[in-house]
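Below is one structure, written out as C-alpha cells; the observations come after it.
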Amino acid sequence: MLKRKIEQRLAEWKNTPDHKPLIIKGCRQCGKTFSVLDFARKNYEHVVYLNFFENPDYAAVFSGSLEIDHIIMLLSALLGSEAIFEEGKTVLVLDEIQDCPEARTALKFFRIDGRFDVIGTGSLLGVKGYGKEPKSIPVGSETVIDMYPLDFEEFLWACGIEAPVIEVLQKSMETETPVPEALHNRMRQVLLQYVVVGGMPDAVQTFVNTKRMDAVLRIQRDIVRSYEDDMVKYAEKKDKSRIRECFQSIPKQLSKENKKFQYSVVKKGAAASKYAGSLQWIEDAGIISRCYNLSIPELPLDGNALEDIFKVYMRDCGLFVSMLEDGTQYDILQGNLYGYKGAIFENLIADIFAKMGRRLYYYHKDSGLEVDFVIRYQGECTLVEVKATTGNTKSTKTILQHPEKYHVNRAIKLGDYNVGRSDRILTLPLYMAFLIRSL
C-alpha cells in the first residue's frame, strides 16, 4: 500500500479539539477515497460510507430536513446495519460530495451537532459551469484540504527510499557538499522514473509491482481520457469543445521556444475572450497549474505577477509525458533528454513545486531575459533555472550582476549535476527540488 502524506494531515485534523467537518478535494483518481477510507477504518469503530456518484439516490436523504437526527434516521433505514451512529465513534464519509450540494450544506448542521465526524471528498468542486451549487456554502463550518497525486517524496517512499536516505540528501544540500556517487546515480535513475510514471496512485502502484512501462502508459492514457470525458460530461454545452481544445494544446504550448500560453495555438484566430473560461475550468479541475510572468523578480511575487501572461503545466508530469508521442518514455529513461526544448523537465519542476503548495512564477522580458521559475526561498527572492542536461545561465547571471535594478542576490540551478556552488548560484541535482522547502 502506498504511503501518503495525507495520512498525517487526517490524523492532525482528528486530533484537533472541536474539529470541523473535513473536505478533501483534488483531481480525479489522485487517491482521495482510498486514503480517507483507510484512515476511517483504522481510527473509528464505525464508518458510514455514501458515494453520491455511484448511488445518486443517496442524495434524497439530504433533500428535506437537514436536522441531524432526521438524517440519521433515514440513513439507518436506507443502509441498515451498515449505518451505526455512536457518538464520538462514528465517521460519516460523503464521497463525491459535489454530486449532492445539499449534503455539503448539511455540514453546517453536523458541525453544530458535534456528535459525529464527517469527511467529504470531492472532484471538480466549484468547477465553472458544473451547475450544482449548494444552496448555502457552510462558511466557517468546514476544513478544506487540497490533495494531489503522489509527490516526488511519496514516490521515493514507494520505491523504498525512506527518511534516512532523504536526510542524507538534505544534509548534503544544506552543507553544499556533493552527494556520494552511488546514491547520486540511484537518485538520478529514480527521478527519470518519476518523470515518466508521475504520481497517479494506480500508475505508481503498477510501476512498483511490475516495472512495466507499457502498463503504466495505458493507465495514464485512460486517466487522460477520463478527464476528457469529464469535460464533455460536466461542462456547459458551449464550452465542451473549447475545454478539450485547450487541454489538448498543452504539449504544443510547451514545445515552443517561448512557452507562454497562447490562445492562437489552441485554435487559429482564437482569443482569450472565448477560451479563458475553458482554461479556467481545466485549472479548477486540478489538472493544470499556471505559472505567471513577473513584471520584476522581486517580493512579493504575487503582487508583481502579470495575470494575463502565463505558462501552463500539467499538475502531474507523468500524465504530461503520456500525452506526448510514443517512445518518449523510453527516451527519457535512456537519458535522451533533448526533445521538447526542456519542456519535460520544466514540467517536472512545476509538478514538484505545485505539489508543495507553491504558486508558480517565472520571469521573461522581450529583451531576451528569461528565468524558468522565481520563488521565495529562505525569505529571499530566488531565481531557479532548470537544465535537462547542461546549459548556460546567461539570464540569471545578468540579473545577479545588477542587484541595484533587480534586487536579486541568489539563484539555484537544477540539472543533471551534483551539488556545487559558483559564486551566488547554488547548483543542485534535479532530484533535490523537493527539498527546496523553506519559505
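Observations on the model:
- Extreme residue, positive dipole direction of the chain, given options Val216, Leu428, Gln193 (C-beta unit charges): Leu428
- Between helix 213-234 and the chain: long-axis angle, C-alpha atoms, 0 to 90°, nearest 10: 60
- Whole-Å distance, taken between Cα centres, linking the range 277-321 and the range 35-83: 37
- GluC sites (Glu not before Pro) lying in DSSP loop within the range 355-400, provided at most 13 other Cβ fall within 10 Å: none
- Inverse mean reciprocal Cα-Cα distance (Kirkwood Rh) of the range 6-146, Å: 15.0
- Cα extents of the range 207-258 along the three principal axes, largest first (Å): 42, 34, 12
- Its convex hull of Cα atoms gives the chain a direction-averaged projected area, equal to a quarter of the hull surface, of 22.5 nm².
Since every read-out is calculated from the coordinates, none of them should be taken as a lab result. Model, not experiment: these values are computed from the prediction. Positions of Cβ are generated from backbone atoms using ideal geometry, with glycine treated the same way; all protein chains shown enter the neighbour counts.
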